[in-house]
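Where a number appears in this text, it was derived from the coordinates with a stated rule and is not lab data. Values in this document were obtained by computation on a predicted structure and should not be read as measured data. Here Cβ is always computed from backbone atoms with ideal geometry, including for glycine, and neighbour counts include all displayed protein chains.
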Amino acid sequence: MIEIIEQKKVVTKKEHQCLGCLRKYPLGTEMQSTTAVDDNLYHYHLCQECLDFLDTLPMFERNEDFCEGDLLENENYPNREKIRDEVYKRK
Ligand SMILES: [Zn+2]
């Protein structure tokens, strides 16, 4: 079970990739920074759009541990086709 150690809103000081949607955000973007631990230590950022989307999910889905890009796999994520094009084209 993953345990959240610290979660806070930050204004980023460098480019960060959002864990939920994999989009890259430039420095100066407000994002939620999370530090969590299970067997390993994790540190990740989520963008406001992903946070808003998570708010719409029922609690049991929200509590599930998720991996990179998982939110984009959810068919209810707004504009996900467009975002996927954007993210995967860049690789
Ligand atoms: Zn995001």
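Some notes on this structure:
- Lysine pair count for the chain (Cα-Cα distance under 21 Å; residues 8 or more apart in sequence or on different chains): 9.
- Over the chain, DSSP H runs of length four or greater, each weighted -39,500 (n - 2.57), average out per residue to a 222 nm ellipticity of -7500 deg cm²/dmol.
- Checking Cβ-Cβ separations below 4.7 Å across the chain identifies Cys21, Cys50, Cys67 as cysteines lacking any candidate disulfide partner.
- Using θ = phi - 60° and Karplus 6.51 cos²θ - 1.76 cosθ + 1.60, couplings along region 68-85 (whole Hz; Gly, Pro as x): 3, x, 4, 5, 5, 6, 7, 5, 8, 5, x, 6, 5, 4, 4, 5, 4, 4
- Between amide H atoms placed 1.01 Å from N, distances below 5 Å from His16 occur with Tyr25, all of them 5 or more places distant or on a separate chain.
- Hydrodynamic radius by Kirkwood, which averages 1/r over all alpha carbon pairs of region 3-89, in angstrom: 13.5
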